[in-house]
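Structure record follows, encoded as structure tokens.
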Amino acid sequence: MDNNFSYFKKYLIQNGVSAKSVKFYVSDVRMFIKWTEKTTSEKKVTKELFESYESFLKRSHLPTQTVNRKLSSLRKYANFLFKNKLIDINLKL
């Protein structure tokens, strides 16, 4: 999953995403990856994994706006993975 993350960061920069937005995307996806490493042995990104993470975020008592931003970052990441054939299905989160 980490290699995909590196490609994602390059993709954002190459597509003119602002430095501030790249910072948030990178931080949000990194947090997701760390959470995944702690909670599952699964190496593939799946819809169930994203849904489980969404539940975790909502239970974390983060402000709704923060949860929504993190989920938006993950949608962007999932879309990137699908478009680059790094996952088999479009998760449509």
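The values are calculated or read from the model by the stated rules, or taken from the named source; none is laboratory data. Quantities reported herein were computed from a predicted structural model and do not represent experimental measurements. Positions of Cβ are generated from backbone atoms using ideal geometry, with glycine treated the same way; all protein chains shown enter the neighbour counts. Quick note on the areas: whole protein, heavy atoms, side chains included, nothing else; ligands and nucleic acids left out. Shrake-Rupley method; radii C 1.70, N 1.55, O 1.52, S 1.80 Å.
Tabulated data
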{"item": "Solvent-accessible heavy-atom area per residue, rounded to whole Å², over the chain at 1.4 Å", "result": "67"}
{"item": "Accessible-area composition of the chain, carbon plus sulfur, in percent [1.4 Å probe]", "result": "49"}
{"item": "Sites Ser18 and Lys44, calculated FRET efficiency, Cβ-Cβ separation with R0 30 Å, nearest 0.05", "result": "0.50"}
{"item": "At least 27 Å along the helix axis (C-alpha) and Kyte average at least 1.6, DSSP helices within the chain", "result": "none"}
{"item": "Å³ per residue enclosed by the Cα convex hull of the chain", "result": "91"}
{"item": "Distance violations [Cα-Cα > 20 Å] among Lys38/Lys70; Lys34/Lys76; Lys23/Lys83", "result": "Lys23/Lys83"}
